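**Student:** Could you have a look at this structure, given as structure tokens, before my questions?
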Amino acid sequence: MFYSFAYWLCKIILFFLGGIKYSGKDNIPKTGTFIAAGNHRSNLDPFLIGLGVDRQMSFVAKDSLFDNPLVKFLLRKANAYPIDRKASPKNIINITVEKLKKGYPITIFPEGTRNLNNDSLLEFKSGVALLAIKAGVPIIPVAILNSRKIFGRKQVIYGKAILPPAEDNKENREKLTRKVKADIENLLNSELEVCNKKICNN
């Protein structure tokens, strides 16, 4: 109930801030769970990805956001869960895999932090690959454009699903991580090329 309310409230707010253009929504699985992995440049990014999915999403948030009781209540109702970056990585992985196996698609940003100053992608962490392999779920690469600006039209592009290998080892994790990064870069670059031909500004 609250998730639906928050979903439409965010849609209305973002409409007045300039709107959102979505592409590739047919690449989002209709059933089963998945990981949506996107580039990260703004606190709006989890909402931008989630608003394009016609199912309830879950996402991780840094634990300090849960210090405020009201914010904690809202985040919990929006299916967010806290991650302590100082905690054991194994514990974080187990919690996230459990969420995936319960059927919640999850939004993750492989850069690990907001990319505030660099137009190119930061180095990707291999955690998203590890999660996909352990949970046996596909990764949907997502490109987000123009989210740094509060006002102005945002754009979200969902790429084709990337299936994880069956075996979990370092080589497979690194290969899958490179594939996710390359797909997101291709989505970003292809859209920027189209935009430049139209003399638009992202």
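Quick note: the coordinates plus some simple rules give every number you see, no bench work behind them. The structure presented is a predicted model; accordingly, all values stated were derived computationally and were not measured. No Cβ is skipped: glycine too gets one built from the backbone with ideal geometry, and neighbour counts run over all protein chains shown.
**Student:** Cross-link partners among aspartates and glutamates for Lys62, C-alpha distance below 16 Å, same-chain residues fewer than 8 apart left out?
**Tutor:** Cross-link targets: Asp45, Asp84, Glu111.
**Student:** Could you give me the ³J(HN,Hα) list for region 107-117, computed from phi with Karplus coefficients 6.51, -1.76, 1.60 and θ = phi - 60°, whole Hz, x at Gly and Pro?
**Tutor:** Residue by residue, region 107-117 yields 9, 9, 10, x, 5, x, 7, 5, 8, 8, 10 Hz.
**Student:** If packing is taken as the average number of other Cβ atoms within 10 Å across a peptide's residues, how do 58-64, 180-186, 103-109, 26-32 rank, most packed first?
**Tutor:** On the way: 58-64: 16.6, 180-186: 18.6, 103-109: 21.4, 26-32: 11.3.
Peptide ranking by packing, descending: 103-109, 180-186, 58-64, 26-32.
**Student:** Which net charge results when you count Lys and Arg as +1 and Asp and Glu as -1 among the other residues whose beta-carbon is under 12 Å from that of Asn117? Kindly include the intermediate steps, with their values, before the conclusion.
**Tutor:** Values: positive: Arg41, Arg114, Arg148; negative: Asp119.
So the surrounding residues net to +2.
**Student:** Can you list residues whose amide H is under 5 Å from Ala36's amide H, if they're 5+ apart or on another chain and H is modeled 1.01 Å from N?
**Tutor:** Excluding prolines and chain starts, which carry no amide H, the hits are Ile106, Thr107, Ile108, Ile140.
**Student:** Counting helices only, and only those DSSP H runs with n ≥ 4, report the 222 nm mean residue ellipticity of the chain as the sum of -39,500 (n - 2.57) divided by its residues, in deg cm²/dmol to the nearest 500. Please report the intermediate quantities before stating the final value.
**Tutor:** On the way: 6 runs with 81 residues, N = 202.
Per the formula, -13000 deg cm²/dmol.
**Student:** Please sort by residue number the trypsin sites (Lys or Arg not before Pro) in region 90-148 whose DSSP state is loop and whose Cβ has at most 10 other Cβ atoms within 10 Å. If you can, show how the numbers build up before the last one.
**Tutor:** Numbers: sites: Lys90, Lys99, Lys101, Lys102, Arg114, Lys125, Lys134, Arg148; in loops: Lys102, Arg114, Lys125, Arg148.
Those satisfying the criteria are Lys102.
**Student:** Just to check I understand the Karplus step: with θ = phi - 60° and J = 6.51 cos²θ - 1.76 cosθ + 1.60, what whole-Hz values come out for region 36-50, glycine and proline as x?
**Tutor:** 9, 10, x, 6, 10, 10, 7, 5, 6, 3, x, 6, 4, 5, x
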